[in-house]
1. Quick one: net charge of Asp34's neighbours, Cβ under 11 Å, K/R +1, D/E -1?
2. Pull up all non-local amide H partners of Gln57: gap of 5 or more, or a different chain, and H-to-H distance under 5 Å with H placed in the peptide plane.
3. What are the ³J(HN,Hα) values, in whole Hz, obtained from phi via the Karplus relation 6.51 cos²θ - 1.76 cosθ + 1.60 with θ = phi - 60°, for each residue of the stretch 10-15 in sequence order, with x given for Gly and Pro?
4. Please state the relative contact order of the chain as a whole percent: Cα pairs under 8 Å, 6+ residues apart?
5. Report the Cα centroid-to-centroid distance between the stretch 1-41 and the stretch 57-77 in angstrom, as an integer.
6. By DSSP, what percent of the beta bridges with both residues in the chain are antiparallel, rounded to the nearest 5?
7. Just checking the chain: which Cys have no other cysteine's beta-carbon under 4.7 Å?
Amino acid sequence: MPAAIEIFTRPGCGYCSAAKSLLNRKKAAFTEYDVSVDPSYRQQMDQRTHPGSTYPQIFIDGRHIGGCDDLYALDREHKLDALLAGETAAS
């Protein structure tokens, strides 16, 4: 079963665009929470990470992955595909 992917973004964020681009290349469906659409998304993100976190913040199956660099690092380590497929082997 594919993983549930959530990404908190803001407009004009190059890192947000890069993270979404990688997920799109992987054909991974994700739910985007754009803080310009609903400012309460920022509070939700802060509760799940910590206040002052940068954008984007990415969660896969409820697990906090981190930001864009963290997502790309998982891909370089060949761990991202397993996470996106809903496998738990990427620790």
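No value in this document is a laboratory result; all are computed from the given coordinates. Just so we're clear, the structure is a prediction, and the values are computed from it rather than from any experiment. Virtual Cβ from ideal backbone geometry, glycine too; neighbours counted across all protein chains shown.
1. +1
2. Phe8
3. Karplus-based 3J(HN,Hα) across the stretch 10-15 equals 9, x, x, 8, x, 5 Hz.
4. Once divided by the residue count of the chain, the mean separation gives 36 percent.
5. 11
6. Numbers: 7 of 11 bridges.
Once the DSSP bridges in the chain are tallied, antiparallel ones form about 65 percent.
7. Cys with no partner Cβ under 4.7 Å: Cys68.
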